[in-house]
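The values are calculated or read from the model by the stated rules, or taken from the named source; none is laboratory data. No experiment lies behind these values; they were computed from the predicted model shown. Note that we place each Cβ from the backbone using ideal geometry, even for glycine, and neighbour counts take in every protein chain shown. Heads up: the accessible areas ignore ligands, DNA and RNA and are worked out on the full protein's heavy atoms, side chains in. Shrake-Rupley method; radii C 1.70, N 1.55, O 1.52, S 1.80 Å.
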Amino acid sequence: LIGQLGINYIRYFWTQEKSEFVMSGPALVLIYRQGLIWVGTLACPLLPLVGVLSNLVFFHVNYRIVCDTCRPPLKRWSQSRNTAFLTAFLLVTLILIIIPISVVIGSQQVINLGQSSDCGPFGQEKPTSVYTKFQQQQPILLQQIMQWAVSDSVLLPLFLLLL
């Protein structure tokens, strides 16, 4: 942001000409930042709050740059075409981020979401012990399907998609 401010304001004060604001660059930066926030949320649950504040600062800096140093574009921003592209790009980013996160969550050696060592209200038991008992009473094939359907590597990406 400091570099953006410096380049735009120095160029404006040096040439006294207002340049055209290129919208695609900041839009892609916001998509990249959103992807980083999605990845980091697993490790730091407060990261979405920090991301919102950071994006507000980013928006305000770009707003000041546009108001002070930019002129209206010669060619109008085609909202429908660009919006569809950026939305598709954001969806691809989300899918590419969910894959490694679900692998990390699915491997018990990295993160164990179900058991703790005498910490919390469940102690050594999983919070889903009732479901586990019900699952054990089912046929083997149904047990495997139920085990996969409620695994961390399926439920967390599904939850993130629903957000």
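Once you have a ≥ b ≥ c as the square roots of the Cα gyration tensor eigenvalues for the stretch 4-87, tell me rounded if a/c is under 1.5, and otherwise prolate or oblate according to whether a/b is larger than b/c.
It is oblate, given that a/c is not under 1.5 and a/b is not larger than b/c.
Share of the stretch 1-73's accessible area from carbon and sulfur, percent, 1.4 Å?
Carbon and sulfur: 74 percent of the exposed surface of the stretch 1-73.
Magnitude of the Cβ-charge dipole of the stretch 1-106, K/R +1 and D/E -1, about the Cα centre, nearest 20 debye?
My answer is approximately 260 debye.
With a 1.4 Å probe and every protein chain left in place, work out the accessible area per residue of the stretch 1-106 in Å², rounded to a whole number.
About 70 Å² of surface per residue is accessible.
Just order 45-53, 150-158 by mean Cβ neighbour count inside 10 Å, highest at the front, would you?
Final packing ranking: 150-158, 45-53.
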